[in-house]
Amino acid sequence: MLRSRHMPHPPDDDLQLLQEAREGSIEAVNALFAKYGQKLLSLIRLRMGPSLRRRLESQDVLQHTMLKAYERLDQFAGGGETSLMAWFGAIARNEIRDQARFFARGGRDVGRDVPLDLAVGAAHHTLRTEVSRLHLLAQARLLEQAIESLEDNHKEVILLRRFEELSFPQIGEHLGKTPDACRMLYSRAMAALTFRVRDAAPAARA
Amino acid sequence: MSDARQLFERWLEVRTVEGRDLPAEDLTQDPASLKELRGLIESFKAIDGALPSPTHTALVFEAPREPPQVHRFEVGELLGEGGMGEVWAARQTSPITRPVALKVIKRGLDTAQVMHRFEAERQSLAAMAHPAIAQVFEAGVTADGRPYFAMERVTGTAITHRCDQLALSVQRRLELFVEVCRGVHHAHQKGVIHRDLKPSNVLLQEDGDLLQPKIIDFGIAKAVTQGEAHVTLTELGQVIGTPAYMSPEQADFSRQDVDTRSDVYSLGVLLFELLVGVRPFGDRDLPSPGGAAAAPTPSSRLSALGGRAEPVAARRDARTQTLLRTLRGELDWIVLKALQVDREKRYSSPADFAEDIERYFRNEPVEAGPPGTAYHLKKFVRRHRLSVGVGVIALLALGSAFAGLTVGLERALEAEARTRAEALLSQNVADFLAELFERASPTAELGAELSVRELLDQGADRIGTELEDQPRVRSRLLVTMGRAYNGLGQYEDASALLKDAVATLETGGADAPDDELDLAKALYELAEVTLATGAYDEAETYSQRAKAIRLRVAGPESMAHGQSHTQLGNLRWRKGLYPEALEHHETALSIQEAALGPDAGVLAKTLNNVAILRMEQGNFEGARDYMERGLALFKRDLGPTHPNVASNYNNLGLVASHLTDYGACVAYLQKALDIRRENLAPDHPDIAEGLNNIGTCLHPQGRFEDAEVAFREAIAIRRKVHGEQHPDIASSLGNLGRVRAALGDLEDGRRWIREAHDMFLETLGPEHPYLAFTLLWLAHIDVEADDLESAHRRLIRCREIRQKSLDPLHPSVADCLTPHFGVLKRLHLDAELGEAEALDAEIREKYALGPRDAD
């Protein structure tokens, strides 16, 4: 099946880093991980949800995801239609699923949860100015809680679109919808998210 | 839903589907709705900006890097940045001035949660105090409210890199690594797991020649203890950036929690890299969760480097082959044990890891060693060599006797068509020995390592009870064990076993050549033990029997025959029959040279023997030549700290003393004693010998108090070893008496020397040259005490003994003459004075000593 490319290529420097990583440069691997780590961590936290987060450290899942990605660098078709982030996201999804199964079997002691700094690393300057009176972390946690309070299909489409960087046609494949339906779903999801944020923390408004 | 919210949904739909932002005014004119709509759009844009997106990935917000303002600190440049904090170079100005590294929390992260995590880190870090861990001095809050830690500033380079630059040897690297292990262990005891040990976190700090490893960045440590402190402090980029050092369970945490053994794994990777310059797995070939691959050995990884191995070895001050040899075996095993996929099979702690390396240093079996018996046997023997000193060869032979035993049995099986049952029994014998040595392993079930003595006792008991029906095997084992006891100075046990062996062979009707040689061997060993106990006549009987059998069965050119000559030479020597002793040793030397050539290592001991006898006969220069030849061979074959090297230094010290170079004497003897103290039990006879000899060189330098201490220590050891009566005890007693007299206590001096004299008489008989010493010393005291008649008698006796046992014109004879002149003058014995003066002149002429100084 031929699919159109909606998402940008990995930037040239990412391709360069990937190539170097494949050739065994640990520095290149570090650079890639440093660049994508925060975003992936946020994704992992959201995918895990509060209940799994009480049992698992998202940082640990992140590390395992990164490690697996590292081992499978050769399998990533860099420059194709899938972004690096989508690829990482898919590995993370599997990782979380495996972990969740493990816990379903009752395999690990629980009681650890360290909330983390959602999107703080990725927060860009606009937000910084916008909420300058607030702690970024407080804002990020608010956002995280808001996303988690969304209906499942809203949450999922935001994760796929914003974190895994999938195109709408790719999202459509995941969700069994047309790309246009996905666009509408995403639009409604973002609106719902905006409402949740405003309802949860009126003080966050500028 | 309000109108404004519906309008906002519409606005967002246009933006999402059509990719454009409608002006809010296009959607509503109602001021209240418009205001709410604008607020929603503003919130949305903030949220949109906060969420990641492909175009935002490169726009990671970075806090401006302005130096923090901290009371009592002058902050300099930014050193680095981690997931949570920045590290600044700074100088503390009060209460003391010192350079520090300031770790300051990033702007924007100072929430209560992060504060809490830092608090957890601060507590665990502050609890640690170890030279190998960068210390935390204090913590506080910056002017703009960010927490900070002032830490020891480590100026160093990654340990692997710096070791390479300094071309440090494997030994030195291991020593440094042991310190790292100790540091990590200390942290573990404080409940802190590092979780990110890697070269860039283990720096080598230099202070002159002093190298100190420093583990930094315990900031990601995770408290082991449960409860409040149970907080993860993982810094993102650092951990995930270094999978190469990560343990399999860190990579597959679903199986189990990460614990201290995870650090052991990382330490294993670090050691691997220190040893061979590369990590166990290629960067792409990591231990994978679940099916983690077994790590290769360092030596095999080095071999696989091919041509690239040479620079690696050079950076370890070695050649490739040498480095490979060093690594193969124990070091390979030690590293592999740390790198076990199953953490249960790793060292349970960094301290255990360090201790195994130290076992390697001490030549003890390492915990990581394979369960096989050959290893333990080899290791046992090697360690023995160090622990029994000059008796060393006995224990080396313990190993070869074992090997020879099995070979001999095979031959016997063929030649005599022994029964299958006996073959099985023979195998049992081999197993018996092997099992015995295995007990020396630190992992053996008894827990503590058995002492050599305990081990032998067990063996001796079992030989007695389990091998009754195999006399030849039994006798060989008895001889082997007897030698081992002898090496340990346990003469009674040794003698009993060896007599048992002789009896076993004699009653077994030893008539086949092999049997006869076995008997000769048992007799020879029995003579060795008997000689050591001071019963020289009895020893001579055994020794002569052994020599006769060897001459007849093995032939005059045989090494065994030569060995018997050496033994007889030693016996004659102990009896004071120096010319005969020299003859025996020279015969042994010529047999050995003919059989093995002039550079054979075996010659070293014989050269030494000939040298000492030359020395005894006054040929000091000739003695020194032989000694130096022997020393070179010992050093070449055995290394610079071998016990035999110590013996050689000892002998060179004696030569120096005879050449009256007492400074050199003390220096040589001190070298000998240092080696012996390092290798031997504190009450080993060789240490007593070293102490005694140093005392004799300290005395003529006027260092009487030092000499007295040395002699008393020597006496104590010798009494412990030899009991009440022994010539060696007598020597030290005499020396002590002399030094007491020199210190002014004539009566005390006389008492000690008399005791020595009587003991020499008792143990050596009235003709022994050692008596000349005690007579001479007693005469000196007589002179001091104005008992001239007694001095005269003693000095005459002194002269006679020396002339008889040494040589009529031996320079030592002159020692007896020196004090005599004054005595003879004061007694007005003019004829005898003239005679003495003539003899003195003759000796001086013979040895070109020049005229005697006026007294």
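The values are calculated or read from the model by the stated rules, or taken from the named source; none is laboratory data. A quick note: this is a predicted structure, and the numbers were derived from the prediction, not measured. Backbone-built Cβ (ideal geometry, glycine too); neighbour counts: all protein chains shown.
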Completion exercise
Picked from the stretch B:25-53 (must be crowded, with 19+ Cβ neighbours inside 10 Å and among the aliphatic types (A, V, I, L, M)), the residue farthest from the other protein chains (Cβ to nearest Cβ) is B:LEU27
Practice task
Starting from residues that are within 16 Å of A:LEU43 (Cβ to Cβ) and among the acidic types (Asp, Glu), keep the ones in the stretch A:146-198 and report whichever is farthest from the other protein chains (Cβ to nearest Cβ).
Solution key: A:ASP152
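Does B:VAL154 qualify as being part of a loop (DSSP other than H, G, I, E, B), surrounded by 15 or more Cβ atoms within 10 Å (Cβ to Cβ), of a type outside the set (Lys, Arg) and modelled with pLDDT under 85? If you could, list the steps in order and put the result at the bottom.
Details: part of a loop (DSSP other than H, G, I, E, B): yes; surrounded by 15 or more Cβ atoms within 10 Å (Cβ to Cβ): yes; of a type outside the set (Lys, Arg): yes; modelled with pLDDT under 85: yes.
Answer is yes for this residue.
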Practice task
For residues that are at pLDDT 85 or above, closer than 27 Å to B:GLU538 by Cβ and within 32 Å of the chain's Cα centre (by Cα), tally how many sit in the stretch B:571-608.
Solution key: 1
Problem - Within the stretch B:781-800, tally of residues that are at pLDDT below 90 and either closer than 23 Å to B:LEU764 by Cβ or part of a helix (DSSP H, G or I) (or both) - result: 1
Handout entry: Residue check, A:ALA100 modelled with pLDDT of 75 or more, surrounded by 14 or more Cβ atoms within 10 Å (Cβ to Cβ) and either assigned to a helix (DSSP H, G or I) or within 9 Å of another protein chain (Cβ to nearest Cβ) (or both)
Key = no
Fill in the blank from the handout: All conditions in (1) surrounded by 17 or more Cβ atoms within 10 Å (Cβ to Cβ); (2) touching a helix residue (DSSP H, G or I) at 6+ places or on another chain (Cβ under 7 Å) are true of A:SER167 except (2)
Handout entry: Filter result for the condition that a residue is surrounded by 16 or more Cβ atoms within 10 Å (Cβ to Cβ), farther than 20 Å from B:ASP807 by Cβ and free of Cβ contacts under 8 Å to residues at least 40 places away in the same chain, over B:LEU680, B:LEU607
Key = B:LEU607
Problem - Test for B:ARG574: is it within 25 Å of B:LEU526 (Cβ to Cβ) and in contact with a Gly (Cβ under 9 Å, 6 or more places away or on another chain) - result: yes
